[in-house]
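Single-structure report; data block below.
Each reported figure results from applying straightforward, stated rules to the coordinates on display, with no laboratory input. This is a predicted model, so every value here is computed, not measured. Glycine also receives a Cβ, built like all others from the backbone with ideal geometry; neighbour counts cover every protein chain displayed.
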Amino acid sequence: MNRRTWVSATATRNYAINDPLLDWLHYHGKSKGFRPDTEYADYDERTDFRLFIMNQGNRFESSVTKYISELFPIHRVREPMESSSDDSVFSKTLSAMRLGSPVIYQAVLRDEKTETYGIADFLIRSDVFGELFSRYRGDESTILGSPLLGDESWHYRILDAKFTTLRFSAAGNLSTSGSAWAYMLQLFIYNRALGNMQGYTPPNAYLLGRKWSQTARGETLRGTNFMDRLGEVPMDYFSGSRGTLEDVVANACEWIRNVRTNGHSWEALPTPSIPELRPNMSSTADQPWHHAKGEINDSLKDLTTLWGVGVEKRNTANREGIFKWDHEGLKAEDLGVKAKGSAKTLQAILDVNKIETSPVEPSFIEDLDNTWRQPAKVEFFVDFETVSDLNDDFAN
């Protein structure tokens, strides 16, 4: 396996979340004088949210594995210290598939044609899939065979466990917000590789989340049982704004190969060599390069620093010659923000950051002047806070 050309499924994440600068920093950041967050004196792993989420993800995956193992035998093919690029681990995956193991855990998948690979949490035999998830019981597609495995009545399907809440549209489709789009790219790569390994590509791969929610006609339905509902990732998925999953995956892989091969000659400062080196400040999922990204943005003053301005609006403004939020005469409408309320708020933000004399606007409050000047006999304030359940121990 040529490490310069082969791309892992998880390596497409930063491209998927519109923050490809993170890939350049990963491969070339240190040689360009940037430091990862872990090398700063004030780094404390106890406050590293990325590390916390990773650990919780591992604990959640272990809970799912334990639950499934009580129903069906699990064949584990990869141990924690074994590399996904190890030929022997890939061979063990193929052997387990040919044996017809009901559930294969930590399956190493490869696609020679596209030079992509990855580790799927679970490969589940299609006849077992319906037993685990009743919604798919009786699905005629689950009885299709796997020619390369020598069986005519079953095939394997991808199931990946994610420590996340699966969100569904009113129509019941998996939402592409947050990290979901990155997960979809990842599972597409897994499923394509699986298809080439068994001789049949299932129509969907599946995400298993810790919870799920769906809003339709003003009503929100929720579930907290991770076995309740799966998020389907269709191989033929098409987005009007993004295109097909296949095309986006191809572009993401090409980006990774490009940054590995040519990134050493690029610069982020004082002017990015290519547009992909502009920071996406609307995304905070940037550890361990949060400091470096902020350092770059201090100089570039990227438009995504602004409230309500994402990558799409940033790119449109860049094409018009607008690159910094302190651009002379910049108006909210120049950034594609036209809704009356939003435009007013953004314009106020732009204006107050151009004032050198006072950091606070308005300098004089006129509204309800007589009211707030008269102290009430009894005055108190109530601050409502929400408490996250991310620190779940998965006991139930």
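The helix-only estimate of mean residue ellipticity at 222 nm for the chain, built from DSSP H runs of length n ≥ 4 each weighted as -39500 (n - 2.57), is -10000 deg cm²/dmol after division by the residue total. Only Cα pairs within less than 10 Å get springs; with that Gaussian network setup on the chain, which residue of 53, 365, 274 has the largest fluctuation? Fluctuation is largest for 365.
Projecting label points 7 angstrom from Cα along Cα→Cβ for residue 219 and residue 241 puts them 2.8 nm apart.
Each of the peptides 180-189, 96-105, 256-265, 227-236 was scored by the mean count of other Cβ atoms within 10 Å over its residues; in descending order, highest first, they stand as 180-189, 96-105, 227-236, 256-265. The three principal axes of the Cα atoms in the chain give end-to-end lengths of 80, 60, 43 Å, sorted in falling order. The count of lysine pairs in the stretch 244-396 whose Cα atoms are under 24 Å apart, excluding pairs fewer than 8 places apart on the same chain, comes to 26.
For GluC sites (Glu not before Pro), the sites in the stretch 65-141 that DSSP calls loop and that have at most 13 other Cβ atoms within 10 Å are 70, 112.
Calculated FRET efficiency, residue 382 and residue 349, Cβ-Cβ r, R0 30 Å, to nearest 0.05? Efficiency for this residue pair is about 0.60. From the alpha carbon centroid of the stretch 75-151 to that of the stretch 280-359 is 45 Å.
Here is the P(r) of the stretch 44-235: all C-alpha pair distances, binned every 5 Å from 0, give 1, 8, 15, 20, 21, 17, 10, 5, 2, 1, 0 in whole percents. A protection proxy built from the mean count of other Cβ atoms within 10 Å ranks the segments 321-328, 237-244, 71-78, most packed first, as 71-78, 321-328, 237-244. Between 127, 86, 44, the GNM of the chain built on Cα springs shorter than 10 angstrom shows 44 fluctuating the most.
In a reduced charge model with +1 at each Lys and Arg Cβ and -1 at each Asp and Glu Cβ, the chain shows a dipole moment near 640 debye about its Cα centre. Since only 144, 5, 251 are under comparison, the one whose Cα sits farthest along the positive direction of the charge dipole of the chain, derived from C-beta charges on Lys, Arg, Asp and Glu, is 144.
Taken along the Cα-to-beta-carbon direction at a fixed 7 Å, the label points for residue 365 and residue 319 span 4.4 nm.
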